[in-house]
Amino acid sequence: MKKSVLIFGLILLFMSCRRRVENYVEFSENQPVDVEEIQNVPENWFGNYRSIDSSLISIEKDKIIEKWFSDWKISIKEKDSFPNLTFQKNFVIDNTTNEKTKLISKNDSLFWKEQYSDTIFIKDKILKLYKDALILNTNDEGRIYIDVLKKENNQIRKFSIDSKEDFEKLKREIKVDFEYKYSNNDTTVIVKPTKSDFRKILRKKGYTNEMIYTKI
């Protein structure tokens, strides 16, 4: 029982940090500079894309949603260890979202598939289109972070630039301008790429938080 609860807690932790690995890197302004904001996702981006781990990205005119899944198996005796779920005969209900998921009972075990989602673009974010890439700028109390969706043939390469390793890559391979930021015994870095620098950022691969999605 304790093992199942621990796994559930780890999944919740994974959900909370799935997008932002470290938050070590901020940007000085919305990226890329000298590129106009667009209000909607272009139509040729619409559709659903799947990664090798079966997570999905759904792209629509005014929103982009990332979805991923977990397969669950617990003993019937463990039901009470999940107070946020209601178990019915053929369904399990998330008490927070009221979402129903098909439940299979076999012998003394219960099986279901949990879906999680994260809206990575809605209207309150700054969206730019540059060099076959959608750049999603998130302003978090004055701190600017980016997510990038880069079209490569029939695939999308999604990445963010978050970690100290990502920063070291930019500093070493692109020579991007930056400054350190010190706050409450914490050190982060503010990156200041030119438009030319950002074009190079898009070409680089191997960022910490990077995934390939294929259109389905």
Next item on the list: Whole Å is fine, so just give me how far the alpha carbon centre of the stretch 21-67 lies from that of the stretch 95-124.
Entry: 23 Å
Notebook entry, point to check: Given the rule -39500 (n - 2.57) for each run of at least 4 DSSP H residues, summed and divided by the residues of the chain, what is its mean residue ellipticity at 222 nm, to the nearest 500 deg cm²/dmol?
Noted result: -5000 deg cm²/dmol
Next item on the list: Would you kindly derive the ³J(HN,Hα) couplings of the stretch 182-194 from the backbone phi angles with the Karplus curve 6.51 cos²θ - 1.76 cosθ + 1.60 (θ = phi - 60°), listing them in order in whole Hz, with x for Gly and Pro?
Entry: 10, 7, 6, 6, 10, 10, 10, 9, 9, 8, 10, x, 6
Margin query: Going by amide H atoms built from the backbone, whose H comes under 5 Å of the H on THR194, apart from near neighbours?
Written below: ASP177
Next item on the list: Using only the alpha carbons, work out the radius of gyration and Dmax of the stretch 67-216 in angstrom.
Entry: 21.3, 61
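For the stretch 74-154, what is the convex hull volume of the alpha-carbon atoms per residue, in Å³? Write down the numbers at each step before the final one.
Values: hull volume 13.6 nm³, N = 81.
Cα convex hull per residue, to the nearest whole number: 168 Å³.
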Notebook entry, point to check: Once amide H atoms are built 1.01 Å from N in the peptide plane, which residues 5 or more positions from GLU99, or in another chain, come under 5 Å H to H?
Noted result: ASP94
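Bear in mind these aren't lab numbers, they're just calculated from the coordinates by the rules spelled out. All figures in this text were calculated on a predicted structure; none of them were measured in a lab.
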